[in-house]
Each structure stands twice: as structure tokens, then as C-alpha cells.
Amino acid sequence: MKLLVTGGCGFIGTNFIRAHLREKPEDFIVNIDLLTYAGNPENLRDVESQPNYLFVHGDIADATLIDELFRTHRFDAVVNFAAESHVDRSIETPHVFLRTNVLGTQTLLDAARRHGIQRFVQISTDEVYGSLGPTGAFKETTPLAPRSPYSASKAAADHLALAYYHTYKLPVLITRCSNNYGPYQYPEKLLPLSIINVLHDREIPVYGDGMQRREWLHVSDHCRGIELVLEKGREGEVYNIGGVNERPNIEVLKLLLEILNKPTSLLCHVEDRPGHDRRYAIDSTKIRTELGWEPLVSFEEGLASTVRWYLENRSWWERIISGEFRNYYERMYGNRKKLS
């Protein structure tokens, strides 16, 4: 099979490509990535020389380039990871998120339709559902109610993808995942940001009271779910992929400090983010019963292995935080009001 993977130099895309090439070396992957701040070509440096992998530096919203790639390689399937994905950044620059997440997805859908793609997997997020009350979980039938520019752009892309299925019969499938964590995650996200801060004995910024609840999913479990949807999922369907591991952010951070043998005094409560969703939880019954998926990595095991990865790969994240991310960190967290 020939796969077009978009955004493959980002966190989840990197892990997906690595796993796919390892498990299916007979397949051929073309990875297109614009290499914005979170796209890191070093993530896949060790697979660049493989004959079944090709990297293309480009923009998924560039219709001419995308059409040329489809004509040249005659892809069987597309897995669309490419997205601007950080809520804080979407509050600062929403237009960037609309261009990539909505117009970029439309460009891919148009090319897939013209060239007869057999499968188009749109990678989405549980954030499109909005915020939950104290009980219950998001189902695939839950109405979308995004509350940030980021989640609104992803919801729009999901609606667009399903519209292409219903209007043009394009074989679209959508996955929506809970909070991912694991190796190669960009340092602005909660866990890598906190790990790196702790290693420097810096305070960890905690939004509000820290009781926002999230369901955590190791990226390897997520990638296995995506593979099953790609292979066996029903066209026109949405599949939730959740870790069945719901915890308050403050509890996650305390566990991290325990692993690193650091004091809880490093936790620093700051004013909450605008429009911050209070709780997410996913009902993943559908992918379990239809496709036989289940998470294999416990949160305790996954968090410990993630900490080890960041300890063993200091040069990877040190190069990142020495540049653009340092300025972003100071802008977003350095001037935030501390809560007493």
C-alpha cells in the first residue's frame, strides 16, 4: 500500500510512521510536513534512508503541490495528521489554525476525490465535543460543541470530511482521541513542558485550580487504533479512541513529581486559560467492539517510560527550547498572574 501521511514530523505522526514502517515494511509512505514550529525533521532522521519512505517539505493547503503528489505516487490511502494543535496558540492566532486545519483538509479531500483514494483517515480530537459535566462520556454521536479556535477548526474539518463522504462518496473515516502523551511530543504540551521544567527545578504552571479532568492515552495505543481504523473501519464512520484513564491535571503533575523525586512546591497555580474546558472523557466502546482495539499501556507505566525518554533524549528537546520555544514560553507563562 502507498500511504500519504500529512504532518508526519509532528508528535503523533512521527510515532505512527515509525510504527507503520516497523510493522509493514512492504508499504511505502510519503510524509508531507510544512515543518512549522512543532514539526521536527529530526524525529524521523533515522528512517530517511529507507527505500520505502519519502519526505516532502510542503504545505497541505498548496493545491498544486498536493495534486502533483497524488498524480506522481497514486496513493491508496491518506492519513491526515497535519494540524495546528495547541489551544493557547489558537487564542493568539486563530487564522493560522483555520488555514491549516480547515482549508488544508479541504485541499486534501479535493485531491483524494479526484484521484480515487481508497481510504481517507481524518485524525481529530475529543476537544470538538466541548466540555463535559461531572459524569458521562463523549460518544461518536455527541453533538459537536467546540469552545476554542483550535477545536472549532477541527470540528469544521470533521464536518467537511463527512460532507465529502455523503456528497461525493469519498471513503472518509474519522478518529477522535483523548489526550495523547509519549515520546517526541513538543515541549509546549502539559507533560513535556512539566518534565522539562522539573528537570531545571523550575515551577510548573498549573491553570486555575488544576482540577480540569482529562483522559490520557499513550501515543502507541493511539497509533494502533488508527491502524485498525485504516484497515477495517467502516467508511463514513467516526471512531473514538480513549485511554479509559481519567485524571485531574493536578493529580497527573503530582505523580510526575513523585517519579522525578521532586517536591510539590514546584507547582505554581496561574490564572486559567480563556474558555478552558473543564472535563473530557471518551466512550471508546465502538472501536473496541467493532475492531477489537484496547489500550495496552497503563498510565503509570506510560508516564514513567515517557519521563525516561525525555531524560535519555535531552539533546532533542534542548535544541528546541534554546530557540523559538523559549520566547513562546516566556510570553505565555512568564507574565501570567500567579494565584494565591
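The values are calculated or read from the model by the stated rules, or taken from the named source; none is laboratory data. Quick caveat, the model's predicted, so the values are computed rather than measured. Reconstructed Cβ throughout: ideal geometry from the backbone, glycine too, with neighbour counts over all protein chains shown.
A few notes on this one:
- Top-ranked residue in the stretch 140-178 [being among the basic types (Lys, Arg) and either within 19 Å of the chain's Cα centre (by Cα) or under 21 Å from PHE97 (Cα atoms) (or both); ranked as surrounded by the most Cβ atoms within 10 Å (Cβ to Cβ)]: LYS154
- All of (1) of a type outside the set (D, E, K, R); (2) within 30 Å of GLN122 (Cα to Cα); (3) in contact with a Leu (Cβ under 8 Å, 6 or more places away or on another chain) hold for GLY210 with one exception: (2).
- Pick from the stretch 111-155, criterion in a helix (DSSP H, G or I) and either of a type in the set (A, V, I, L, M, F, W, C) or free of Cβ contacts under 8 Å to residues at least 12 places away in the same chain (or both), ranking: nearest to GLY243 (Cα to Cα): VAL128
- Some residue of the stretch 79-88 being modelled with pLDDT under 95, farther than 13 Å from GLY7 by Cα, of a type outside the set (A, V, I, L, M) and assigned to a loop (DSSP other than H, G, I, E, B): yes
- Residue under evaluation MET211, criteria (1) assigned to a loop (DSSP other than H, G, I, E, B); (2) of a type outside the set (Val, Ile, Thr); (3) within 19 Å of the chain's Cα centre (by Cα), criterion not met: (3)
- The C-beta contact set for the stretch 46-68 (first residue within 14 Å of ALA82 (Cα to Cα) and in contact (Cβ under 8 Å) with a residue 40 or more places away in the chain, second residue in a loop (DSSP other than H, G, I, E, B) and of a type in the set (Val, Ile, Thr), distance under 9 angstrom, 6+ apart or interchain) comprises ILE66/ILE60.
- Subset of the stretch 292-337 (residues that are under 20 Å from GLU203 (Cβ atoms), in a helix (DSSP H, G or I), modelled with pLDDT under 95 and not basic (Lys, Arg)): TRP317, GLU318, ILE320, ILE321, PHE325, ASN327, TYR328, TYR329, GLU330, MET332, TYR333, GLY334
- Residue within the stretch 168-176 that is without any contact (Cβ under 8 Å) to a residue 60 or more places away in the chain and not acidic (Asp, Glu) present: yes
- Exactly one residue out of PRO205, PRO274 is in a strand (DSSP E or B) and in contact (Cβ under 8 Å) with a residue 12 or more places away in the chain, and it is PRO205.
- Scanning the stretch 80-106 for residues that are of a type in the set (Ser, Thr, Tyr) and surrounded by fewer than 21 Cβ atoms within 10 Å (Cβ to Cβ) yields a single hit, THR93.
- Residue in the stretch 191-202 that is buried (at least 19 other Cβ atoms within 10 Å of the Cβ), hydroxyl-bearing (Ser, Thr, Tyr) and either closer than 27 Å to ILE320 by Cβ or at pLDDT 95 or above (or both) present: yes
- Summed over the stretch 11-46, the residues that are modelled with pLDDT of 95 or more, of a type outside the set (Asp, Glu) and in a loop (DSSP other than H, G, I, E, B) give a count of 2.
- Scope the stretch 277-291; condition part of a helix (DSSP H, G or I) and in contact with a helix residue (DSSP H, G or I) (Cβ under 7 Å, 6 or more places away or on another chain); matching residues: ILE287, LEU291
- Residue check, ASP277 surrounded by 14 or more Cβ atoms within 10 Å (Cβ to Cβ), among the charged types (D, E, K, R), under 19 Å from SER194 (Cα atoms) and in contact with a Gly (Cβ under 7 Å, 6 or more places away or on another chain): no
- Taking (1) part of a strand (DSSP E or B); (2) of a type outside the set (Phe, Trp, Tyr); (3) buried (at least 19 other Cβ atoms within 10 Å of the Cβ) in turn, VAL56 satisfies each apart from (3).
- Verdict on ASN197 being in a loop (DSSP other than H, G, I, E, B), over 16 Å from the mean Cα position of the chain (by Cα) and farther than 17 Å from VAL128 by Cβ: no
- Number of the exception - ILE66 against (1) buried (at least 19 other Cβ atoms within 10 Å of the Cβ); (2) over 27 Å from GLU188 (Cα atoms); (3) touching a His at 6+ places or on another chain (Cβ under 8 Å): (3)
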